[in-house]
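Student: I'd like to ask you about the structure that follows.
The values are calculated or read from the model by the stated rules, or taken from the named source; none is laboratory data. As the structure is a prediction and not an experimental result, all values here were calculated from the model. Note: accessible area is taken over every heavy atom of the protein model, side chains too, but ligands, DNA and RNA are not part of it. Shrake-Rupley method; radii C 1.70, N 1.55, O 1.52, S 1.80 Å.
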Amino acid sequence: MENAVDALHLAAAVLIFVVALSISINAFGEVRMTSQTILNSKDKEYNYTYVEDNGTTERIVGLESIVPSIYKAYKENYKIVFRDDESSEEASDLLGDDGIYRVRDDTTGNLVGVYKIDLQEQVLGSNTQKEQFIMAILYGSKYADFITVQNNFQQNLGIYLNNQGIYDKIKNRGAGLKENLGIYYQEEVPTEDGESGVTDPDISDSSVPDANKTTKRVVTYTKI
């Protein structure tokens, strides 16, 4: 009789354990789904740039919008351009003569500032190298590995990184920038004439179907 009672107690304990385990697994599943939903919402918020619906893609932005756009230059094939005004090709008033970084001019041999970030022109290898480049141009000498990265880029790629990053340059201005968004196909960019060596706006790879062309988004920042 006592054995039967003990068996019932054991069976009840096992049943309670199974029920509790089932409830725990279900609860963890709900938590995982909730967490994934939150993460997906945050990713969408990060990946999209919202522009006020006022008939234009222009808006006034601060560093909280400029920095994520710069990160997107390599992650999402963005081109970032800084200009003093819409008619200028440089941003010496905005970022100084040393620009975002500097390269050596083929004609004069002097170092000249570069005012745009474009994967097509800055040919970098690994994702680590790209991340180092972004951190260095943003934060300059405040970046922990700046000295090592600066020497490597100068010796191996001919890219001269500035001690002062563009984050501080924009922050020190104490004012926002005007942002304009654009889009084009990389295959339709004017190319260089192989015979003359001169860029011809009529020469582009227009034979590529639109469905196979690479979309390039351009974000341009100018002074207010």
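Student: Show L21, L10 ordered by accessible area, largest first, where the area counts protein heavy atoms only and the probe is 1.4 Å.
Tutor: Result of the area sort, largest leading: L10, L21.
Student: Once the Cα gyration tensor of region 71-195 is diagonalised, what are the square roots of 5 times its eigenvalues, in whole Å and ordered largest first, as equivalent ellipsoid semi-axes?
Tutor: 22, 20, 16
Student: When the solvent-accessible surface of protein heavy atoms is calculated with a 1.4 angstrom probe, in what order do R104, R59 fall, highest first?
Tutor: Reading off the accessible areas and sorting them downward yields R104, R59.
Student: For E76, E90, what's the largest-to-smallest order of accessible area, 1.4 Å probe?
Tutor: These residues rank, largest area first, as E90, E76.
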